[in-house]
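Chemist: What follows is a structure written as structure tokens; I'll ask about it next.
The values are calculated or read from the model by the stated rules, or taken from the named source; none is laboratory data. Computed from a predicted model, the values in this text were never measured in an experiment. Please note: Cβ atoms are built from the backbone with ideal geometry, for glycine as well, and neighbour counts cover all protein chains shown.
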Amino acid sequence: MFLESFETKQMLEAILGSIDEAIHAVNSEGITIYYNKVAAKHDGVEIDEVLGKHVLDVFPSLTRQTSTLLKVIETGKPIYQQSQTYKNSKGQLIDTVNTTIPIKVGNRIAGAVEIAKDLTKVKQLSEKLLELQQKMNNKKTKPSSSSGAKYNWDDLITNCDSMKKVISQGKRAAFSSSPVMVYGETGTGKELLVQSIHNASSRKSGPFIAQNCSSLPESLLESILFGTTKGSFTGAVDRAGLFELAHGGTLFLDEIHTMPLDFQAKLLRVLEDGVIRRVGGTESYIVDVRIIVAMNEHPYRCMEKKLLRSDLFFRLNVFFLELPPLREREGDIPLLVNHFIKKYNYLFNKLVIHIDELVQAKLEKHSWQGNVRELEHTIEYAMNMAEGDNLTMKDLPDFLKEVSSEEKINLSPLKETVEKVETQLIQQALAQTKGNVLKASVILEVPRQTLQYKMKKYNIVVESTT
């Protein structure tokens with residue numbers, strides 16, 4: 001029996017040792033009971049330096065609040081895909097993404113095991129690239145070509161059927177070069193959707209140029225979009241407009257309904273023939289640009305208010321994608337909250353893994369007029385304020401700590417409510433016993449003297465039955 005147990009242990013250690021991931025297991029006291037070669041290589045130590053020792057003794061930069069292993073032992077709850085940055089015993093900075101689960105024997109937490117992916121080299125390479133890019137910018141060299149779109153379908157976090165339908169429509173639009181019109185309230189993620197369409201299209205290697213039309217004064221709109229010719233006006237130089245810059249790619253025009261109506265007619269002409277002419281120039285250019293536009297006000301209302309030309313709308317409205325507001329995305333708030341907590345855990349080097357039920361209920365009940373953007377900024381604020389591993393009401397912005405008008409509805413002072421209920425119960429008991437106070441006190445399970453006192457207090461008079 002002992003031999004079988006010994007062989008099983010050797011087989012298990014051989015299997016775990018062959019896995020190309022760092023594995024670290026500790027007992028309920030935080031003492032390391034298993035540590036494989038990959039983990040030792042990541043941490044720059046020998047296996048014998050870690051086995052049999054407390055995790056905080058080997059990794060002094062960690063604490064009970066920041067160690068995922070110790071946190072899982074304390075809470076008994078697993079932690080998935082958690083970023084962690086620490087210094088090993090040699091002072092080297094290590095970046096990992098960990099999945100840590102509790103080891104349970106019956107109902108007892110016997111320890112925890114962690115599987116970690118080392119991202120140190122990836123992060124160092126990213127930092128070197130950023131540093132190189134910064135040096136290039138400081139030298140005012142021409143930046144390398146970039147599409148300008150960083151989001152993909154995986155960045156659209158949802159379990160909502162209506163949102164999934166929009167994503168499905170967007171994926172179909174990605175296979176086409178036809179214009180796309182996106183409508184959604186501010187903060188619903190219009191540009192995220194548009195960038196995902198571009199990055200899934202055949203134009204993904206081409207430029208992605210985005211321009212908010214409301215930020216451009218009318219006098220500059222034409223020159224920004226179509227470019228200028230030297231001498232066309234004082235100070236004018238030969239400069240390509242956004243249409244030329246987006247050639248072979250996608251041009252995203254946000255809040256298109258803020259464009260003057262006469263300029264919308266010029267835009268319509270470009271959409272029809274694909275030809276532009278720079279301001280003050282005589283030469284025409286044929287551009288190959290996929291147009292995607294967005295609006296935070298419904299196009300039908302914009303046409304009624306004479307903010308959007310109907311002919312431009314019908315030209316652009318080949319694919320119409322309407323993003324639902326967050327308040328209508330059933331079940332998405334907890335999903336997004338969890339996503340943003342993970343995001344800011346990584347950015348702020350924190351280990352928040354819990355959220356109070358009261359906080360969760362408050363977030364789900366809020367109307368979120370600013371939609372997903374407002375929710376993210378709220379979680380970002382709360383993560384800045386959080387001191388432990390738990391988000392509580394004190395971490396939320398002040399506007400969420402206030403009692404909303406909806407929560408105040410039908411709430412009366414406690415004393416007034418108790419007196420009203422007591423009066424109703426006493427009157428019902430007296431009516432049932434035809435005014436017999438003794439029998440009424442038995443029904444209400446209170447002493448007769450107490451019932452008489454409350455009858456006097458609430459001015460309840462027993463009507464004579466004679």
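Chemist: Identify, by number, the condition in (1) under 57 Å from the mean Cα position of the chain (by Cα); (2) modelled with pLDDT of 85 or more; (3) at negative phi that PRO413 doesn't meet.
Modeler: (2)
Chemist: Cβ-Cβ below 9 Å, separation at least six or inter-chain, first residue in segment 280-299 and closer than 24 Å to THR229 by Cα and assigned by TED's automatic domain parsing to the domain that holds LEU253, second of a type in the set (D, E, K, R) and outside any loop (DSSP other than H, G, I, E, B): which pairs?
Modeler: GLU283/ARG277; SER284/ARG277; TYR285/GLU244; TYR285/ARG277; ILE286/ASP273; VAL287/GLU244; VAL289/GLU244
Chemist: Please determine whether any residue of segment 166-176 is under 22 Å from LEU316 (Cβ atoms), out of contact with any Leu (no Cβ under 6 Å at 6 or more places or on another chain) and part of a loop (DSSP other than H, G, I, E, B).
Modeler: Yes, because at least one residue in segment 166-176 is under 22 Å from LEU316 (Cβ atoms), out of contact with any Leu (no Cβ under 6 Å at 6 or more places or on another chain) and part of a loop (DSSP other than H, G, I, E, B).
Chemist: If you go through segment 309-330 one residue at a time, how many are touching a Pro at 6+ places or on another chain (Cβ under 6 Å) and part of a helix (DSSP H, G or I)?
Modeler: Matching residues across segment 309-330 total 2.
Chemist: Restricting to segment 2-54, name every residue that is among the charged types (D, E, K, R), surrounded by fewer than 11 Cβ atoms within 10 Å (Cβ to Cβ), in a helix (DSSP H, G or I) and at pLDDT below 85.
Modeler: Of everything in segment 2-54, those that are among the charged types (D, E, K, R), surrounded by fewer than 11 Cβ atoms within 10 Å (Cβ to Cβ), in a helix (DSSP H, G or I) and at pLDDT below 85 turn out to be GLU4, GLU7, LYS9.
Chemist: Out of all the residues in segment 130-153, which are under 20 Å from THR250 (Cα atoms) and modelled with pLDDT of 55 or more?
Modeler: Of everything in segment 130-153, those that are under 20 Å from THR250 (Cα atoms) and modelled with pLDDT of 55 or more turn out to be SER147, GLY148, ALA149, LYS150, TYR151, ASN152, TRP153.
Chemist: Mind checking which residues of segment 310-360 are β-branched (Val, Ile, Thr) and surrounded by 15 or more Cβ atoms within 10 Å (Cβ to Cβ)?
Modeler: Answer for segment 310-360, where residues must be β-branched (Val, Ile, Thr) and surrounded by 15 or more Cβ atoms within 10 Å (Cβ to Cβ): ILE333, VAL337, ILE341, VAL352, ILE353, ILE355, VAL359.
Chemist: OK, next. Quick one: HIS298 ticks every box in (1) within 24 Å of THR188 (Cβ to Cβ); (2) surrounded by 16 or more Cβ atoms within 10 Å (Cβ to Cβ); (3) not polar (S, T, N, Q) except a single one, so which number is it?
Modeler: Failed condition: (2).
Chemist: Taking the condition of being within 15 Å of the chain's Cα centre (by Cα) and without any contact (Cβ under 8 Å) to a residue 12 or more places away in the chain, how many residues in segment 344-393 meet it?
Modeler: Within segment 344-393, residues that are within 15 Å of the chain's Cα centre (by Cα) and without any contact (Cβ under 8 Å) to a residue 12 or more places away in the chain number 2.
Chemist: Looking at segment 427-461, which of its residues are basic (Lys, Arg) and either surrounded by 14 or more Cβ atoms within 10 Å (Cβ to Cβ) or over 25 Å from GLU416 (Cβ atoms) (or both)?
Modeler: Those that are basic (Lys, Arg) and either surrounded by 14 or more Cβ atoms within 10 Å (Cβ to Cβ) or over 25 Å from GLU416 (Cβ atoms) (or both): LYS434, LYS439, ARG448, LYS454.
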